[in-house]
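Trainee: Let me begin by handing over the structure; questions about it come next.
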Amino acid sequence: MLDQYGVPSAPADLAVLPSLDFGPPYGEHVWQLEGPAGSAAVRHTPRFITDDMIALRQAAVAGAGVVQLPLMMVCDELASGALVKVIPAWLPKSGIIHAVFPSRRGLLPSVRKLIDFLAARFAQIEET
């Protein structure tokens with residue numbers, strides 16, 4: 001797809017590429033990005049909209065368009081070259097992940113290990 005449309009160099013370039021998006025089929029579709037020049041809101045008209053991230057990943061690998069997905073969903077595809085990051089200096093606004101669990105007194109050791117594992121894994125993914 002990038003061979004046909006060219007590699008974008010700025011957030012505004014994304015608006016003219018075929019896009020894929022997560023969410024409902026109605027309303028505006030906007031990617032909020034943060035980069036060296038501050039923030040950018042990229043309005044786009046997706047050719048494929050779904051609430052299934054796996055379907056979005058498959059469509060992107062098939063070349064249907066650019067997509068914004070969590071790194072944990074596409075890290076293998078990025079590593080293999082099936083997908084590439086475009087405008088890597090611009091990233092989606094970061095979010096916070098919360099783990100809800102009982103007080104430390106009632107916390108099972110296995111739950112503590114799971115929380116520690118997830119925290120380490122998310123930190124590792126964020127570094128890629």
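The values are calculated or read from the model by the stated rules, or taken from the named source; none is laboratory data. Source: prediction; values computed, not measured. In this analysis, Cβ positions are derived from the backbone assuming ideal geometry, glycine residues included, and neighbour counts consider all displayed protein chains.
Trainee: Testing PRO36 on (1) farther than 20 Å from ALA10 by Cα; (2) surrounded by fewer than 13 Cβ atoms within 10 Å (Cβ to Cβ); (3) of a type outside the set (Asp, Glu), one condition comes back false. Which one is that?
Mentor: (1)
Trainee: Among the numbered conditions (1) loosely packed, with under 13 Cβ neighbours inside 10 Å; (2) more than 25 Å from SER9 (Cβ to Cβ); (3) in contact with a helix residue (DSSP H, G or I) (Cβ under 8 Å, 6 or more places away or on another chain), tell me where GLU126 comes up short.
Mentor: Among (1) loosely packed, with under 13 Cβ neighbours inside 10 Å; (2) more than 25 Å from SER9 (Cβ to Cβ); (3) in contact with a helix residue (DSSP H, G or I) (Cβ under 8 Å, 6 or more places away or on another chain), GLU126 violates only (2).
Trainee: Right, next: Any chance the stretch 89-99 includes a residue that's surrounded by 10 or more Cβ atoms within 10 Å (Cβ to Cβ), closer than 27 Å to VAL7 by Cβ and at pLDDT below 90? Talk me through it step by step, then tell me what you get.
Mentor: Of the residues in the stretch 89-99, the ones surrounded by 10 or more Cβ atoms within 10 Å (Cβ to Cβ) are 89-92.
Narrowing the set further to residues that are closer than 27 Å to VAL7 by Cβ leaves 89-92.
Now restrict to residues that are at pLDDT below 90: none.
Within the stretch 89-99, not a single residue is surrounded by 10 or more Cβ atoms within 10 Å (Cβ to Cβ), closer than 27 Å to VAL7 by Cβ and at pLDDT below 90.
Trainee: For the stretch 91-114, name all the residues that are hydrophobic (A, V, I, L, M, F, W, C) and over 12 Å from the mean Cα position of the chain (by Cα). Working first, answer last.
Mentor: Within the stretch 91-114, the subset hydrophobic (A, V, I, L, M, F, W, C) is 91, 96-97, 99-101, 107-108, 111, 114.
Matches in the stretch 91-114: ILE96, ILE97, ALA99, VAL100, PHE101, LEU107, LEU108, VAL111, LEU114.
Trainee: Do you know which residues across the stretch 53-86 are more than 13 Å from the chain's Cα centre (by Cα) and either in a loop (DSSP other than H, G, I, E, B) or in contact (Cβ under 8 Å) with a residue 12 or more places away in the chain (or both)?
Mentor: Residues satisfying the conditions are ALA59, VAL61, ALA62, GLY63, ALA64, GLY65, GLY81, ALA82.
Trainee: Follow-up. Quick one: is PHE22 among the aromatic types (Phe, Trp, Tyr) and either surrounded by fewer than 17 Cβ atoms within 10 Å (Cβ to Cβ) or in contact with a His (Cβ under 6 Å, 6 or more places away or on another chain) (or both)? Can you show your working first?
Mentor: Values: among the aromatic types (Phe, Trp, Tyr): yes; either surrounded by fewer than 17 Cβ atoms within 10 Å (Cβ to Cβ) or in contact with a His (Cβ under 6 Å, 6 or more places away or on another chain) (or both): no.
So PHE22 does not fit the description; no.
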